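This report refers to the structure that appears directly beneath it.
Read-outs: derived from the displayed coordinates by stated rules, not from any lab. Note that the coordinates shown come from a computational prediction; the quantities given were computed from them, not determined experimentally. FYI the Cβ positions are ideal-geometry reconstructions off the backbone, even for glycines, and counts take in every protein chain you see.
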Amino acid sequence: MSDVMSNPGRGLQTQDARARRRHRAEVRFRAYGVMAIATGLILLVILLGTIVSNGTGAFRQAFVEIDVYLDPAKLDKKGNRDIADIKKVSTFGYAPLAQQALLAEIEARGIETPLRKAKEMKNLLSSSAAAQMRDLVIAQPEMIGQTVSFRLLASSRVDGYLKGRVMRENIAKDKNISVEQLDLTDALIQAGVITSGFNMAFITGSDASESRPEQAGIGVSMLGSLFMMVVVLVLSLPIGVAASIYLEEFAPKNRLTDLIEVNISNLAAVPSIVFGILGLAVFIQFAHLPQSAPLVGGLVLTLMTLPTVIISTRAALKAVPPSIRDAALGVGASKMQSVFHHVLPLAMPGILTGTILGLAQALGETAPLLLIGMVGYVATNYPGGLASGFLDPNSAMPAQIYEWAKRADPAFYERAWGGIMILLAFLLMMNIIAILLRRRFERRW
């Protein structure tokens, strides 16, 4: 007050130098916050744009549409239509039929090309084309002797050429495609023999060998991840919730419980590869459970997820006001009744949210799965039933993506990006479910 009276030009609404400095500091801090958010959003957009641009091609595939004569002289030499004899014909007996059919299609359409032999069509067709034809003949032996229309997979080089992944100037030393074959590919595209369409087999199919990247799919690995998540959910939710309730509501506060709480917090920060080594030693080498099985993967991921579930559940229990407990005890409820009838229902949104986020974290783990043998090459067939789904060798989405990323053919690299898109879609869906459950069960007090 004396400063104001001694300086008539200065009032309560006038900022001095110190107030101006504080104001400028606050403005700078807000600007830093806005810059940090903008930077994070820009990096996120760049990341998502990179994933989408590199992975979209995995959802499209080049196909060759031709009419193939299923020659009885090649497929049923005895002519008795005995399925046992038909099965003896391997894919090597079907491949020349597809190549000859493609050559006949070229000649019928009057396409000019220096390639005049059926064997020169080999690099345009996927090596899985013969297997596709063989599966049809075994399923329907009466097709032998008929001309059947097939929509066969094109080779990875032809598929890459349509997507811009294979360039003419880069194939001088490529043994899997030639310039003449690319010229023929252009003509077949114009004629409508080679087309490009949605690749549903990438979502529903299984992994393929390194010579057939165009046939590789992630469907079996998705099923392996599903079985693992079932194991994680069935084990981590009841064990984690029970442990949290005991530690938070019933356990005495002493050095032992303090030690347990510290170790639970430490386990949440342990690298996931440590849990993989533990699972390898305990579940496979000691318990002799089947290697690469989703059951073992689920057990390993359960160990990794339990600390997260326990910590989130305890936080949810702590968020319930003590007055709820006191009111229940005051009307004659027992300690257990107050916890299970009043506290636990109010904490359920936080418990479910923490559990789903723990499952989402486990879904994206790769290192522990690699240590127990869940590599992508075993994910070639769908399980035969519920028991085989848990016990038969399989892979998981992150392990499958890792397996594709380390293979040499660029088509596998493209499929790795496509697998990342599917994995992110699953994680996004699980986070949305967590938000919806929180809003559905949230109660106000």
Checklist entry - What percent does the relative contact order of the chain come to when contacts are Cα pairs within less than 8 Å and at least six residues apart? => result 18
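Based solely on its DSSP helices, what 222 nm [θ] is calculated for the chain when runs of n ≥ 4 H residues each add -39,500 (n - 2.57) and the sum is averaged over all residues, nearest 500 deg cm²/dmol? Don't skip to the answer; put the middle values down first.
Values: 20 runs with 267 residues, N = 445.
Helix-only estimate at 222 nm: -19000 deg cm²/dmol.
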Checklist entry - What residue among Arg325, Arg60, Arg28 has the largest mean-square fluctuation in a Gaussian network model of the chain, using Cα springs under 10 Å? => result Arg28
Item to check | Spacing of the two label points (7 Å from each Cα toward its C-beta) at Lys318 and Tyr69, in nm | outcome: 8.0
Checklist outcome for this item: Pseudo-spin-label distance Ile433 to Lys335, built 7 Å along Cα→Cβ, given in nm, is 3.5
Checklist entry - What are the aspartates and glutamates whose alpha-carbon lies under 15 Å from the alpha-carbon of Lys173, with same-chain residues fewer than 8 places away excluded? => result Asp409
Checklist entry - Which lysines have a Cα less than 20 Å from the Cα of Lys117, not counting those fewer than 8 places away in the same chain? => result Lys74, Lys175
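Given contacts defined as C-alpha pairs under 8 Å and at least six residues apart, what's the relative contact order of region 59-206, whole-number percent?
Numbers: 194 pairs, mean separation 59.4, N = 148.
This gives 40 percent for region 59-206.
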Item to check | Nearby aspartates and glutamates by direct alpha-carbon distance to Lys78 (threshold 19 angstrom, same-chain neighbours under 8 apart not counted) | outcome: Glu142
Item to check | Principal semi-axes in Å for region 383-445 [√(5λ), Cα gyration tensor, largest first] | outcome: 33, 20, 7
Checklist outcome for this item: Which of Ile106, Ile324, Ile277 fluctuates most in a GNM of the chain (C-alpha springs under 10 Å)? That residue is Ile324
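Dividing the convex hull volume of the Cα atoms of region 59-206 by its residue count, what figure in Å³ per residue is obtained?
Details: hull volume 17.7 nm³, N = 148.
Residue-normalised Cα hull volume stands at 119 Å³.
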Checklist entry - Non-local amide H neighbours of Phe63 (under 5 Å, H modeled in plane, Pro and chain starts lacking H): which ones? => result Ala154, Thr195, Ser196, Gly197
Checklist outcome for this item: P(r) over all Cα-Cα pairs of the chain, 20 Å bins from 0 to the longest distance, whole percent per bin, short to long, reads 19, 37, 26, 13, 3, 1, 0
Next on the checklist: How are the alpha carbon pair distances in region 357-415 distributed across 5 Å bins from zero to the largest one, expressed in percent?
Outcome noted: 4, 19, 22, 23, 20, 10, 3, 0
